[in-house]
């Protein structure tokens with residue numbers, strides 16, 4: 001483990017209900033905190049309480065929500081965390097229930113609940129330090145689901161970054177390049193849609209953004225073939241039309257070469273994120 005990292009494993013205090021107890025037991029194994037790199041030497045050998053206290057040091061916090069593949073330890077996600085840490089951010093990387101070492105079965109409702117609690121837990125320890133939800137691909141919908149819940153509670157998220165987002169899971173899956181060839185088979189599309197309905201899987205970014213007021217930054221690669229750029233553009237238009245404060249919504253398109261999950265390689269990524277957040281949090 002890098003000296004900048006710490007797996008969360010401290011008690012959050014008396015939980016208000018049994019669901020929080022269950023959630024925290026999972027988070028003990030699946031929440032990793034990476035401090036800003038300039039604090040890496042200072043973090044060596046420190047206890048978990050030190051890591052929690054560091055969340056209020058004034059350096060912005062990103063809760064990173066990964067896509068549908070593997071877990072938070074995927075090499076590209078670790079490299080993105082390093083880029084953000086080098087840029088002065090705290091990064092809390094989360095594995096959803098059913099991913100990585102996490103127990104349970106992933107459901108849309110369950111993932112939303114988990115991340116809502118993670119955000120609230122982080123805000124309770126961050127003082128006046130802003131906290132941003134960053135969702136990649138599937139994680140983009142987990143982020144907007146949680147943000148919509150928090151908005152309804154009267155606690156808008158400090159900022160939201162959506163990397164390679166889709167409009168909703170139905171549209172994203174139906175248009176996935178490797179799946180399109182099956183849609184000509186009789187009954188295939190209907191069977192697929194019925195399955196999504198039965199499992200209550202929607203992940204509606206396109207509906208969620210209509211209810212948000214948080215600063216929203218959409219990042220998308222021009223040559224993304226898994227979630228084509230068109231989805232990001234559509235989502236931006238929906239959000240821009242819905243937001244009262246249009247300046248709170250921005251989209252940045254990255255040139256070819258970064259595909260679906262390699263934006264961390266772009267030299268403009270960090271400055272894009274920092275400039276947007278600085279402007280919104282000024």
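The values are calculated or read from the model by the stated rules, or taken from the named source; none is laboratory data. Here the structure is a predicted model, which means the values were calculated and not measured. Because the Cβ atoms are built from the backbone with ideal geometry, glycine has one as well, and the counts that use them run over all protein chains shown.
Values computed for the structure shown
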| read-out | value |
| --- | --- |
| Residue selected from the range 64-85 under the condition in contact with a helix residue (DSSP H, G or I) (Cβ under 6 Å, 6 or more places away or on another chain) and over 10 Å from residue 34 (Cβ atoms), by the criterion modelled with the lowest pLDDT | 68 |
| Given (1) surrounded by fewer than 23 Cβ atoms within 10 Å (Cβ to Cβ); (2) in contact (Cβ under 8 Å) with a residue 60 or more places away in the chain, index of the condition residue 142 fails | (1) |
| Subset of the range 37-59 [part of a loop (DSSP other than H, G, I, E, B) and within 22 Å of residue 95 (Cβ to Cβ)] | 55 |
| So residue 142, is it more than 14 Å from residue 219 (Cα to Cα), in contact with a helix residue (DSSP H, G or I) (Cβ under 7 Å, 6 or more places away or on another chain) and part of a loop (DSSP other than H, G, I, E, B) | no |
| Qualifying residue in the range 225-232 (condition: in contact with a strand residue (DSSP E or B) (Cβ under 6 Å, 6 or more places away or on another chain) and buried (at least 16 other Cβ atoms within 10 Å of the Cβ)) | yes |
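Matching residues to (1) closer than 29 Å to residue 254 by Cα; (2) at pLDDT 95 or above:
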position: 115; (1), (2): yes, no
position: 118; (1), (2): no, no
position: 126; (1), (2): no, yes
position: 135; (1), (2): yes, yes
position: 139; (1), (2): yes, no
position: 143; (1), (2): yes, yes
position: 152; (1), (2): no, yes
position: 157; (1), (2): yes, yes
